[in-house]
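Structure record follows, encoded as structure tokens.
Values in this text are rule-based calculations from the coordinates and carry no lab data. A quick note: this is a predicted structure, and the numbers were derived from the prediction, not measured. Reconstructed Cβ throughout: ideal geometry from the backbone, glycine too, with neighbour counts over all protein chains shown.
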Amino acid sequence: GAGVSQSPSNKVTEKGKDVELRCDPISGHTALYWYRQSLGQGLEFLIYFQGNSAPDKSGLPSDRFSAERTGGSVSTLTIQRTQQEDSAVYLCASSLGRRGPNSYNEQFFGPGTRLTVL
Amino acid sequence: GQNIDQPTEMTATEGAIVQINCTYQTSGFNGLFWYQQHAGEAPTFLSYNVLDGLEEKGRFSSFLSRSKGYSYLLLKELQMKDSASYLCAVRESGSYIPTFGRGTSLIVHP
């Protein structure tokens, strides 16, 4: 379809391993966001991309977390040396982002990757 | 920073009307969003308010009062499928990034 896609849908890993989560935004959307959601919690902002650059990384919880975006499209969120507290659903969203920040910019969310760290 | 507050859980009866409130504190306001999230699924956009007043969209309406830092989502003619979490999100001036509240879990029963 034409929506935001994420892979894998589920990831189970052992503590200390590295994981990579992928997001394919809607074609033409220049803004891309990563959030995580723990059970019963709200959406926690991680990082925002405009094109390939990340003007706001303020939500990344530690230096074990990093993200990149290439070609203004696909983004990868990498978590190194995973810990049990990293277990959550990682959601990616995209929006048009072409107009200034004082505009609608509705976010379209992907289905998420459920990460479980044993 | 922002502080967004909404009730944790609400219950209502099929066919009834329910109002979900959201209060916020922000240094500069540039829009409020409501999203619906069914269990195990991604949030989907419901409404956007940037000016005071009521925006109606079918069975769902959203209201904003900027001076009071207050919004509500009104759901009419409730259906069982409306059982979901409703997320309020506020965007600050000059930012692309809305901050989300913890969400209100709505349970609709027969």
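Dividing the convex hull volume of the alpha-carbon atoms in segment B:53-110 by its residue count gives 106 Å³ per residue.
Where does segment B:1-86 land on Rg(C-alpha)/(2.2 N^0.38 Å)? Write down the numbers at each step before the final one.
On the way: Rg = 13.0 Å, N = 86, 2.2 N^0.38 = 12.0 Å.
Computed over Cα atoms of segment B:1-86, the ratio equals 1.09.
In chain A, one over the average inverse separation of all distinct C-alpha pairs is 14.3 Å, which is the Kirkwood hydrodynamic radius.
Give the calculated FRET efficiency between B:Ser27 and B:Met80 to the nearest 0.05, with a Förster radius of 45 Å applied to their Cβ-Cβ distance. Can you show the working numbers first?
On the way: r = 40 Å, r/R0 = 0.89.
Calculated transfer efficiency: 0.65.
Taking every Cα-Cα distance in the protein assembly as shown and sorting them into 10 Å bins from zero, the calculated P(r) comes out as 8, 32, 35, 20, 5, 0 percent. Here's the list of aspartates and glutamates a cross-link from B:Lys81 could span, going by alpha-carbon distance under 19 Å and ignoring same-chain residues fewer than 8 apart: B:Glu9, B:Glu14, B:Glu41. Each Cα pair under 8 Å and six or more residues apart adds its sequence gap; the mean of these over the residue count of chain A is a relative contact order of 36 percent.
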